[in-house]
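Engineer: Take a look at this one; I'll ask things after.
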Amino acid sequence: MPFEEVKKIWMNGRLVDFADAKIHILSHVIHYGSGVFEGVRCYKTKQGSAIFRLREHTRRIFDSAKIYRMAIPYTVEEFNQACVEVIQANGFESCYLRPLVYRGFHSLGVFPGNCPVDVCISAWEWGKYLGKEALEQGVDVRVASWERMAPNTFPAMAKATGNYLNSQLIRMEADADGYSEGIALDVRGYVSEGSGENIFVVRNNIIYTPTLGASVLPGITRDSILTIARDLGFKVIEQDIPREFLYVADEVFFTGTAAEVTPIRSIDRITVGEGRRGPVTEKIQSEFFSYIAGEVPDRYNWLTPVVTAKKAVLAAT
Ligand code: PPE
């Protein structure tokens, strides 16, 4: 399905029409993957639209840019404001936000030299990443034959466009073999993450997730789930996870902005636990969904309110 048109995209400080949101084919990012990006969700909460953990996402894109020596020509405040503006300009109550910082058009050659650092923020309505049923039923996945990038090759802490070539190999391999997603191991053979999700394993009521040393993206949903799980009284351990621990787990689930909290019901055709969403996953999922729906107090200050166009119009009448 082709991209469904939205009204406006924020490019270098201006809101431009969807049809005009273009860059030159000789832009550095196209040839060398020199971009860093974010995926953020804005939810329709009981109190109105709100962006989930905007500050942390903005911090991460500034971190990613810093790792790649890209100077973002806006302040953090301007960046956050632009995220709010693009939602308002499109009148979305809930949506997915895609900030992208990239090396633009000037000259080619690996050294980015004089290429500008351009910024673009798009927004669109994005439903459930691995399918709606997946959130309840769970997904069938495989361990990928592709490993995650080795330390000191591609920095895993940077959410860089180029990293997603590895993700695409993982995801396409899973798809070709009839799985919803792949779980990649790191170069040491320990569990790392999905092509676009972090992973959690539950055994004997203890929750495990790989450390940042296992070539994972420092996921913001990962951090949210660690916080929520600790608050719910679970013991949470960040440690190296051997592949076979997945097979003998009681429950396994993915986390991510797009995937939210998605249970995994089989890995390499081995049933995980009872083969459906387990009680710990359900508890955490339900706490997470209540939080993003604004049904519980925003006790961690994770929600940035957005006055949407629809609301603004109503307020004016
Ligand atoms: N690992 C990877 C490799 C990854 O891409 C994501 C997000 C995560 C972990 C989870 O991070 P966080 O969203 O901060 O909890 N993947 C984004 C892109 C998905 C896409 O297909 O594009 C996302 O979920 O927005």
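Every read-out reported here was derived from the displayed coordinates using simple, explicitly stated rules and does not represent laboratory data. On a predicted model such as this, the values are computed, not experimentally measured, just so you know. Counting neighbours? That spans all protein chains shown, and the Cβs are built from the backbone with ideal geometry, glycine included.
Engineer: Beta carbons within 10 angstrom, averaged per residue: use that to sort the peptides 16-24, 261-269, 205-213, highest first.
Structural biologist: Details: 16-24: 11.9, 261-269: 20.8, 205-213: 17.4.
Averaged packing, sorted descending, gives the order 261-269, 205-213, 16-24.
Engineer: Separate question: For a Förster distance of 35 Å, can you work out the FRET efficiency between the beta-carbons of A150 and R299, rounded to the nearest 0.05?
Structural biologist: Efficiency for this residue pair is about 0.35.
Engineer: Can you tell me the length gained on complete extension of the stretch I270 to V110, counting 0.36 nm per residue apart and subtracting the Cα distance?
Structural biologist: Values: separation 160, 0.36 × 160 = 57.60 nm, distance 4.46 nm.
Answer, rounded to one decimal: 53.1 nm.
Engineer: Pulled fully out, how much extra length does the chain show between R203 and H31, if you take 0.36 nm times their separation in residues and subtract their Cα-Cα distance? List each step's numbers first, then the result.
Structural biologist: Working: separation 172, 0.36 × 172 = 61.92 nm, distance 4.46 nm.
Between R203 and H31, full extension yields 57.5 nm more.
Engineer: Shape verdict for the chain, please, from the Cα gyration tensor: rounded (a/c under 1.5), prolate (a/b greater than b/c) or oblate. Provide the component values of the computation, followed by the final result.
Structural biologist: Details: a/c = 1.88, a/b = 1.25, b/c = 1.51.
Because a/c hits 1.5 or more and a/b fails to exceed b/c, the chain counts as oblate.
Engineer: Quick one: grab the alpha carbon gyration tensor of segment 1-91, order the square roots of its eigenvalues as a ≥ b ≥ c, and give me rounded if a/c is under 1.5, else prolate or oblate depending on whether a/b is larger than b/c. Working shown, then result.
Structural biologist: Values: a/c = 1.89, a/b = 1.19, b/c = 1.59.
Oblate, since a/c reaches 1.5 and b/c is not below a/b.
Engineer: Here's something else I'd like to know. Subtracting the Cα-Cα distance from 0.36 nm times the residue separation, let me have the gained length for D223 to F18 in nm, one decimal. Intermediate results must be reported in sequence, preceding the final value.
Structural biologist: Details: separation 205, 0.36 × 205 = 73.80 nm, distance 3.33 nm.
Additional length available on full extension: 70.5 nm.
Engineer: Set the Förster radius R0 to 22 Å, insert the Cβ-Cβ distance between R59 and W126 as r into 1/(1 + (r/R0)^6), and round the FRET efficiency to 0.05. Each step should come with its number before you reach the end.
Structural biologist: On the way: r = 22 Å, r/R0 = 1.01.
According to the calculation, E is roughly 0.50.
Engineer: Would you work out if segment 182-252 is rounded, prolate or oblate? Take a ≥ b ≥ c from the square roots of the eigenvalues of the alpha-carbon gyration tensor; rounded if a/c is under 1.5, else prolate when a/b is larger than b/c, oblate otherwise. It would help to have the intermediate numbers written out before the result.
Structural biologist: Details: a/c = 1.94, a/b = 1.27, b/c = 1.53.
Verdict is oblate for segment 182-252.
Engineer: Here is a follow-up. Only bridges with both residues in the chain count here: give the DSSP antiparallel percent, nearest 5.
Structural biologist: Details: 48 of 58 bridges.
Expressed as a percentage, antiparallel bridges in the chain total about 85.
Engineer: For Cα pairs less than 8 Å apart in space and 6+ apart in sequence, what is the mean separation divided by the residue count of segment 134-277, i.e. the relative contact order in percent?
Structural biologist: Working: 309 pairs, mean separation 41.9, N = 144.
Once normalised by length, the contact order is 29 percent.
Engineer: Pop a pseudo-label 7 angstrom from the Cα along the beta-carbon direction at both K235 and V187 and give the gap in nm to one decimal.
Structural biologist: Each label point is offset 7 Å from its Cα along the Cβ direction, giving 3.4 nm.
Engineer: Amide H of E193: which non-local residues (sequence gap of 5 or more, or other chain) have their own amide H closer than 5 Å, using H built in the peptide plane?
Structural biologist: For E193, the qualifying residues are A184.
Engineer: Based on the Cβ-Cβ distance of K46 and E5, what FRET efficiency does E = 1/(1 + (r/R0)^6) give at R0 = 30 Å, to the nearest 0.05?
Structural biologist: Working: r = 30 Å, r/R0 = 0.99.
Taking R0 as 30 Å, the efficiency between K46 and E5 is 0.50.
Engineer: Calculate how many DSSP beta bridges within segment 134-277 are antiparallel, expressed in % of all such bridges and rounded to the nearest 5. Intermediate results must be reported in sequence, preceding the final value.
Structural biologist: On the way: 19 of 29 bridges.
Among the beta bridges of segment 134-277, antiparallel pairing accounts for roughly 65 percent.
Engineer: Okay, helix-only estimate at 222 nm for the chain: each DSSP H run of n ≥ 4 adds -39500 (n - 2.57), divide by all residues, round to 500 deg cm²/dmol; what do you get? Could you put the intermediate results ahead of the total?
Structural biologist: Working: 9 runs with 90 residues, N = 317.
Using -39500 (n - 2.57) per qualifying helix, the result is -8500 deg cm²/dmol.
Engineer: Using +1 on the beta carbon of Lys and Arg, -1 on that of Asp and Glu, and nothing else charged, what's the dipole of segment 1-159 about the Cα centre, debye to 20?
Structural biologist: Details: 20 positive and 17 negative charges, 72 e Å.
I would put it at about 340 debye.
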